[in-house]
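*Asks:* Input: one structure, supplied below.
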Amino acid sequence: MTTTLEAVRRVELAEIQEARERIAKTIVRTPLIRLELGPGYPDIRLKLENLQPINAYKLRGAANAVAMLSDSERKRGVWTISAGNAGQGVAYAARQASVPCTVVVIETAPTSKIERMKALGAKLILVPHEIAWKALEERSFPGVEGTFVHPFDDHNFITGHATMGLEILEDAPDIAAVIASIGGGGLITGVGSAIKALRPEIKVWGVEPETAAPAALSFARGSPQVFENWKASFVDGAGGRSVFPRMWERMTPVVDGYLVVSLEETKKAMRLMAEKARVISEGAGAMPLAAALNGKAGQGPIVAIVSGGNLDLKAFCELIEV
């Protein structure tokens, strides 16, 4: 069965404001805190999306997408594909709406994410990363029924994420730049849409790990690319195998540039947040800070989006060991 996809279109400010009202009872309006680093460092603020009920920003998009399903779609149930955070978001929103949920999960997802999806009542199907990425491209998976909620290439999902941009501008109107990690591109498209609608002069930067940086490669070449030397790492929530052409079309108008950080820089950022702000961040949540610290996004004020904190505590401790 071939699905006819809605044409890519811009996320409008009115849609973002409506989404904000729609998801207000499900999500948390997360704090924006200044990271106190002393002289010689850029002025960095942390947007703490790790404090959402599922400890990740994906709840914003999931809550909006599930809320906008028709009655017949709700009866059929929903399914998604995830390394853990989108799955938790859709499972949480589906449980609140009494909608059955299935998640096709990348088998290397941290145990903490898998256990929490189970606890939220989702049926899980574990598959290798390349199978999950193929299913994302095809929007289908054998034997799974229900309405597919794409974890990034979905207008309603992206509009939910855009609500974060409104909060950032209210809490830090003086900012010069925002940095967000890129996995599929839904987060940066959403936040960038809100920022550019209200304050187009603010720079929006994407960041990826050196082991999986298709967006930076696409930017360098001017078209969506596959990242040939893709490698799995502890940064499981960002760094895709490729940039989907539809997502490239979404990102291009709202993203100013793409940064790449090393895994070592990411670990240092995780440790710094734990030491200075008592924040537990997963790898994808720490990359924006790593990018802000290397100075390529300017002296700020910069908002680094801490997109999630879903990481097994033992693994976190091992990663931040000096």
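The values are calculated or read from the model by the stated rules, or taken from the named source; none is laboratory data. Predicted, not measured: the structure shown is a model, and the values here were computed from it. Glycine also receives a Cβ, built like all others from the backbone with ideal geometry; neighbour counts cover every protein chain displayed. When the accessible area is computed, the model is the full protein with side chains, heavy atoms only, and any ligands, DNA or RNA have been set aside. Shrake-Rupley method; radii C 1.70, N 1.55, O 1.52, S 1.80 Å.
*Asks:* Inside region 43-73, can you point out the residues that are touching a residue at least 60 places away in the same chain (Cβ under 8 Å), closer than 17 Å to G146 by Cβ and in a helix (DSSP H, G or I)?
*Replies:* Listed by number, the residues that qualify are A62, A65, V66, E73.
*Asks:* Go through region 114-138 and count every residue that is touching a Leu at 6+ places or on another chain (Cβ under 8 Å), open to solvent by 10 Å² or more (accessible area, probe 1.4 Å) and in contact (Cβ under 8 Å) with a residue 24 or more places away in the chain.
*Replies:* Total meeting the criteria: 1.
*Asks:* Inspect all residues belonging to region 219-234 and state whether any of them is hydrophobic (A, V, I, L, M, F, W, C), more than 17 Å from P288 (Cα to Cα), out of contact with any Gly (no Cβ under 8 Å at 6 or more places or on another chain) and at pLDDT 90 or above.
*Replies:* yes
*Asks:* Hey, among the residues in region 196-210 that are open to solvent by 10 Å² or more (accessible area, probe 1.4 Å) and among the acidic types (D, E), which one's nearest to G240 (Cα to Cα)?
*Replies:* Kept after step one, since they are open to solvent by 10 Å² or more (accessible area, probe 1.4 Å), are these residues of region 196-210: 196-201, 203, 205, 210.
From what's left, among the acidic types (D, E): 201, 210.
Numbers: E201: 28, E210: 11 Å.
Taking the candidates together, the pick is E210.
*Asks:* Step by step: first the residues of region 138-176, then only those that are outside any helix (DSSP H, G or I) and among the β-branched types (V, I, T), then the one that is farthest from the chain's Cα centre (by Cα). Which residue is that?
*Replies:* V144
*Asks:* Only one of (1) under 18 Å from N310 (Cβ atoms); (2) over 17 Å from the mean Cα position of the chain (by Cα); (3) part of a strand (DSSP E or B) is not met by T80, so which one is it?
*Replies:* (2)
*Asks:* Given (1) polar (S, T, N, Q); (2) under 20 Å from E167 (Cβ atoms); (3) touching a Gly at 6+ places or on another chain (Cβ under 8 Å); (4) open to solvent by less than 10 Å² (accessible area, probe 1.4 Å), identify the lone condition not met by T80.
*Replies:* (2)
Yes or no, residue by residue, for (1) open to solvent by less than 10 Å² (accessible area, probe 1.4 Å); (2) in contact with a helix residue (DSSP H, G or I) (Cβ under 8 Å, 6 or more places away or on another chain):
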{"position": "F148", "(1), (2)": "no, no"}
{"position": "P151", "(1), (2)": "yes, yes"}
{"position": "H161", "(1), (2)": "yes, yes"}
{"position": "E167", "(1), (2)": "yes, no"}
{"position": "A172", "(1), (2)": "yes, no"}
{"position": "I175", "(1), (2)": "yes, yes"}
{"position": "I182", "(1), (2)": "yes, yes"}
{"position": "L187", "(1), (2)": "yes, yes"}
{"position": "A194", "(1), (2)": "yes, yes"}
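*Asks:* Tell me whether region 101-113 contains one or more residues that are touching a helix residue (DSSP H, G or I) at 6+ places or on another chain (Cβ under 6 Å), open to solvent by 30 Å² or more (accessible area, probe 1.4 Å) and over 22 Å from K134 (Cβ atoms).
*Replies:* Checked against the condition, which is being touching a helix residue (DSSP H, G or I) at 6+ places or on another chain (Cβ under 6 Å), open to solvent by 30 Å² or more (accessible area, probe 1.4 Å) and over 22 Å from K134 (Cβ atoms), region 101-113 yields no hits at all.
*Asks:* Say whether the condition of being touching a Gly at 6+ places or on another chain (Cβ under 8 Å), over 29 Å from I16 (Cβ atoms), small (G, A, S) and not in a helix (DSSP H, G or I) is met by at least one residue in region 110-131.
*Replies:* No, that holds for no residue.
*Asks:* How many residues are open to solvent by less than 10 Å² (accessible area, probe 1.4 Å) and closer than 19 Å to D154 by Cα if we restrict to region 20-62?
*Replies:* Final tally of qualifying residues: 6.
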